Each structure stands twice: as C-alpha cells, then as structure tokens.
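The values are calculated or read from the model by the stated rules, or taken from the named source; none is laboratory data. On a predicted model such as this, the values are computed, not experimentally measured, just so you know. Here Cβ is always computed from backbone atoms with ideal geometry, including for glycine, and neighbour counts include all displayed protein chains. Note: accessible area is taken over every heavy atom of the protein model, side chains too, but ligands, DNA and RNA are not part of it. Shrake-Rupley method; radii C 1.70, N 1.55, O 1.52, S 1.80 Å.
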Amino acid sequence: MLKKIPNNSIGSIVNRYELSDEAKALLDLSISPAEAIEQLRDAELYNDAVQFIAHGLPVVEAIFWSCESLTLRAEVWDNNQTHAINSALNWLNQPNETLRIRASQLADRVGLESAPAWAAKSVYWSGTGSIVAPDLPLVMPPPFLYGHAVAAAITIAAAVPQWSDDEMGYKKFYQLVIDNGMAIAKGKKVQVSL
C-alpha cells in the first residue's frame with residue numbers, strides 16, 4: 001500500500017478525472033493504486049499515470065511533485081516562469097492567502113499555455129481559499145481541482161517547449177516524473193527548498 005495514496009482500490013481515484021479509452025480498457029477498478037501506476041507506466045500511458053498520481057496524492061504532495069517535475073526542465077523556463085514555480089514553492093513553505101493569490105496572479109501573467117503557470121494555478125485551486133474576487137461571496141474550488149492543474153503542469157512540460165536532440169526527451173521525462181511520483185506516494189519526504 002502506498003503511504004500517501006492509501007486506497008485499497010483505484011475506483012474512488014479514477015472518478016476524479018477522465019480516464020483515456022486505453023486506460024479504461026487496461027485497468028481493473030479493483031487493483032491497488034501501485035498496480036495501476038505500474039500498469040499505466042508499462043503500457044506507456046504516461047499521461048494517464050500522471051493524471052492518476054496527481055489526483056491520488058494529497059494536495060501538498062501533488063503540488064510539490066509538479067514543482068519538482070518542472071525542475072527537470074529548469075533550463076527552458078524564463079524568469080517569469082521560474083517565478084511562477086517559485087510562487088508555488090513559497091506557498092508550500094508558508095501556506096497563506098497572500099501567497100496563494102500571488103501564485104494565481106503569476107500564473108495569469110505567465111499564461112496557461114505554459115507548464116509553470118499550471119503549477120502556480122494548482123496552489124490557487126488547492127481548496128484553501130475562494131476562487132473568485134474578494135468582494136464576491138466565497139466560492140471554493142471543486143474537490144481535486146488542484147489535481148487537474150498538477151497534471152496539466154507536468155503534461156505540458158513533457159511537450160512544450162519541444163525537446164532538442166541533446167535533451168532527455170518526453171519519454172525519459174515522464175519516466176523520471178512517474179518514478180518520483182511513486183516515491184512521494186510511498187512516503188518520500190516533501191522538503192521545499194528555494
């Protein structure tokens with residue numbers, strides 16, 4: 001059993017997002033989360049494995065995982081994108097409303113076509129505060145919305161910007177990211193360093 005995804009089976013996790021047709025055909029809902037991740041990775045259904053881990057991990061671990069994953073491509077992020085990643089790490093280090101809103105502002109400035117913006121947006125959608133303007137009635141994000149943002153950050157980072165010939169490529173990136181996600185799910189300590 002995975003310490004951070006302690007479910008006995010995957011049914012309650014896969015109800016949080018849309019499985020691909022290939023993953024639906026592959027997975028039996030009675031298997032354990034560890035078995036599901038292994039099967040998805042072995043079948044090279046990397047996006048499905050990322051989605052599963054993003055929606056299975058608790059919010060802090062999921063956001064940390066996305067930030068740590070993006071560091072694998074640190075050389076391609078510009079200053080604003082790096083600030084967006086750091087805004088998520090700052091919130092993880094000291095979760096408060098000011099840093100949560102700052103992360104969303106940086107995500108919007110960078111633009112959601114960029115992986116670092118999604119890492120920052122996952123903080124805003126973490127479930128710790130309203131997702132509408134302060135002068136409006138409180139509106140909390142739907143449960144596990146942060147998982148969608150975490151998965152988007154990693155999936156976009158796997159593809160954009162395009163890999164050069166001397167870089168690891170998307171398959172190796174996904175494999176490293178999924179291995180790290182499994183390590184976090186098994187209980188690897190989440191330690192934020194800026």
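Details
- Remark: spin-label model distance Asp135-Leu26 equals 4.9 nm, labels positioned 7 Å along the Cα→Cβ axis.
- Modelled spin-label separation between Glu35 and Gln175, with each label point placed 7 Å from Cα along the Cα-to-Cβ direction: 2.5 nm.
- Accessible area per residue in Å² at 1.4 Å probe, computed on segment 153-194: 57 Å²
- GluC sites (Glu not before Pro) within segment 1-59: DSSP coil, no more than 13 neighbouring Cβ in 10 Å: Glu18, Glu44
- The chain - percent of accessible surface contributed by carbon and sulfur, probe 1.4 Å: 52 percent
- Magnitude of the charge dipole for segment 45-187, about its Cα centre and with charges confined to Cβ atoms of Lys, Arg (+1) and Asp, Glu (-1), is about 280 debye.
- Of the residues Ser114, Ser104, Ser164, the one that moves most in a GNM of the chain with alpha-carbon contacts below 10 Å is Ser164.
- Springs join every pair of Cα atoms under 10 Å in this Gaussian network model of the chain, and among Ala158, Ala74, Ala133 the largest mean-square fluctuation is at Ala133.
- The GluC sites (Glu not before Pro) found in segment 95-194 that occupy coil by DSSP, while having at most 13 further C-beta atoms within 10 Å, are Glu113.
- Taking each DSSP H run with n ≥ 4 as -39500 (n - 2.57) and averaging over every residue of the chain yields -18000 deg cm²/dmol at 222 nm.
- Separation in nanometres of the label points that stand 7 Å from Cα toward Cβ, at Ser164 and Glu44: 2.6 nm
- Solvent-accessible heavy-atom area per residue, rounded to whole Å², over segment 1-139 at 1.4 Å: 46 Å²
- Within segment 73-146, none of the trypsin sites (Lys or Arg not before Pro) combine a DSSP coil assignment with at most 11 other C-beta atoms in a 10 angstrom radius.
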